[in-house]
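Contents: one structure, followed by commentary.
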Amino acid sequence: MDRSKERRAATIFSYGLLVMTLTHVLTHVFGGIHTAVFSVLRDEFSLTLQQLGIIAAIPPLCQALLAIPTGLLSDRIGSKKMIVISFAVATLGALLASQAVNPLMFIIAICLVYANTTIYHPASYSYTTKLFTSKDLPKALGIHGAGGTLGHALGPLLVSILIGLLAFEWRQVYFLLAWPMIMGIATTIFIKKEDTDPTSEDEGTVKTNARDRESLLTSSLVMFLVFSGLRMMAGSMITTFIVLYLQDVKQMSIALASLVASSRTLLGFLAAPLGGYMAARVGEKRWLLRLLALSYLFLGLSIAVPNVMWFTGMYVASGFCNTLVMAARSSIMAKLSPSRHRGLGYALYFLPGSLMGAIAPLLAGVVASSFGFDAIFFLSIGISFLGLAILKVYVDVD
């Protein structure tokens, strides 16, 4: 037992974690591109806000439909094969988007790109959590999460640079980004298969999983998924229209608006590993409650201040706090799910986000059309605090 713990603790900067972090960057690059070019799509295809909301809602709905099957498949065939499949799908989606001539073709392409993340996440998180002891898990997930936040930031940032500064067309952006996906396949081929022997787990992980080894869906896990769904719904409402909001309300150019949108998550490259370290010291749930409350406070202040610079500062601060809890959330999910069902567990972990990601853009489009963009922020903050209350009262991770 001690020999296994020493071996696994020593791999925190291993090639396996390096590849998981790099591929996490790549899988999220596409996520913010289609919403960042909403103003261009609106003009080119003569779309309304409600229609843009539909375009944003359909890909997460496809994610929701694929979530459980991909989680089960990940447990069955292994993480390595699933990650290779995910990047093959991403490459196909990017190439199709680069040739899109109508909204339907574009939606199909984005659905493929989003399917990549659905296939990737259960496999990647399952692989990462099986590499480390429970003591090092938040730190490792913080490093892994840093890749995801960097990827989220790079999408709008690339729009800002390639379209805003270098005068690329949006189709050329997708064509250019198809090639790094092939690099993702190449790096994954050389990782080792994950250790699926439950006897190699450290004592803390075995103790945590013993209480729910007979059932994955415990009451704490279900309520944690409810909290995650509300949190993702609130976040998706804002991120769907943030670039368009900055253009229409704050009178920013698409380059500057995309830069502001990306800066909220770009700092997450530092926040994610720092948050993992702090979660390991403070405790995952306690850290999560404190930092999310602070994040929602900053988001509320961003609406209250009239100055664009102050808005940007508060908005970025909210995103920084939000990213600080990424490792804590992932670590809690690992503790709530048995090792033998870890792929399915993480599929369920991302399922509420996909479901709410399908609902939130539609709701946000209606709210924005009826009451203005600011109403999206107010509704989002209310939903966020409801989720926080559910986490505090109903989720037990001890």
**OP:** Would you be able to say whether some residue in the stretch 248-270 is open to solvent by less than 10 Å² (accessible area, probe 1.4 Å) and modelled with pLDDT of 85 or more?
**Re:** no
Subject >> Set L73, L17, L95: member being of a type outside the set (G, A, S), modelled with pLDDT of 85 or more and open to solvent by less than 40 Å² (accessible area, probe 1.4 Å) >> reply: L17
**OP:** Can you run down the residue pairs with Cβ atoms below 6 Å, 6 or more apart or on separate chains, where the first is in the stretch 326-338 and open to solvent by 10 Å² or more (accessible area, probe 1.4 Å) and the partner is of a type in the set (A, V, I, L, M, F, W, C)?
**Re:** M326/A272; K335/V397
Subject >> Matching residues, the stretch 349-378, being aromatic (F, W, Y) and either buried (at least 24 other Cβ atoms within 10 Å of the Cβ) or assigned to a helix (DSSP H, G or I) (or both) >> reply: Y349, F350, F371, F377, F378
Subject >> Enumerated helices (runs of 4 or more DSSP H) restricted to the stretch 14-66, each holding at least 1 residues that are within 17 Å of D248 (Cα to Cα) and over 17 Å from the mean Cα position of the chain (by Cα) >> reply: 38-45
Original post:
Here is a list of conditions, (1) in contact (Cβ under 8 Å) with a residue 60 or more places away in the chain; (2) not in a helix (DSSP H, G or I), and G145 meets all of them except one; can you say which number that is?
Top reply: (2)
Original post:
Which residues, counting only those in the stretch 337-364, are within 14 Å of M233 (Cβ to Cβ) and out of contact with any Pro (no Cβ under 9 Å at 6 or more places or on another chain)?
Top reply: L351, P352, L362, L363, A364
Subject >> Long-range neighbours under 6 Å by Cβ, at least six apart or interchain, first residue at negative phi within the stretch 222-233, second open to solvent by 30 Å² or more (accessible area, probe 1.4 Å) and modelled with pLDDT of 95 or more >> reply: L230/L386
Subject >> Residues that are surrounded by fewer than 18 Cβ atoms within 10 Å (Cβ to Cβ), under 15 Å from M252 (Cα atoms) and either of a type outside the set (A, V, I, L, M, F, W, C) or touching a helix residue (DSSP H, G or I) at 6+ places or on another chain (Cβ under 9 Å) (or both), drawn from the stretch 293-312 >> reply: P306, N307, V308, W310
Subject >> Given (1) touching a Gly at 6+ places or on another chain (Cβ under 7 Å); (2) surrounded by fewer than 21 Cβ atoms within 10 Å (Cβ to Cβ), number of the condition G142 does not satisfy >> reply: (2)
Original post:
Since Y346 meets every condition but one in (1) farther than 30 Å from C111 by Cβ; (2) touching a residue at least 24 places away in the same chain (Cβ under 8 Å); (3) open to solvent by less than 30 Å² (accessible area, probe 1.4 Å), which condition does it not meet?
Top reply: (1)
Subject >> Residue in the stretch 147-161 that is modelled with the highest pLDDT, counting only those that are closer than 24 Å to A88 by Cβ and open to solvent by 30 Å² or more (accessible area, probe 1.4 Å) >> reply: L150
Original post:
Given the conditions (1) closer than 17 Å to L131 by Cβ; (2) modelled with pLDDT of 85 or more; (3) surrounded by fewer than 17 Cβ atoms within 10 Å (Cβ to Cβ), which single one is not true for V206?
Top reply: (2)
**OP:** Read through the list (1) among the polar types (S, T, N, Q); (2) open to solvent by less than 10 Å² (accessible area, probe 1.4 Å); (3) at pLDDT 90 or above, then give the number of the only condition that T128 fails.
**Re:** (3)
Subject >> Breaking point among (1) within 27 Å of I110 (Cα to Cα); (2) open to solvent by 30 Å² or more (accessible area, probe 1.4 Å); (3) of a type in the set (S, T, Y), for Y394 >> reply: (1)
Original post:
Only one residue in Y120, Y127 is under 19 Å from A67 (Cβ atoms), assigned to a helix (DSSP H, G or I), over 16 Å from the mean Cα position of the chain (by Cα) and of a type in the set (F, W, Y), so which one is that?
Top reply: Y127
**OP:** Mind listing whichever residues of the stretch 162-172 are surrounded by fewer than 20 Cβ atoms within 10 Å (Cβ to Cβ), touching a helix residue (DSSP H, G or I) at 6+ places or on another chain (Cβ under 8 Å) and not acidic (D, E)?
**Re:** G164, L165, F168, R171, Q172
Original post:
If you check V84 against the conditions, is it under 30 Å from K130 (Cβ atoms) and open to solvent by less than 50 Å² (accessible area, probe 1.4 Å)?
Top reply: yes
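The values are calculated or read from the model by the stated rules, or taken from the named source; none is laboratory data. Note that the structure is predicted; figures quoted are calculated from it, not measured. Positions of Cβ are generated from backbone atoms using ideal geometry, with glycine treated the same way; all protein chains shown enter the neighbour counts. With ligands, DNA and RNA removed, areas are computed over all heavy atoms of the protein, side chains included. Shrake-Rupley method; radii C 1.70, N 1.55, O 1.52, S 1.80 Å.
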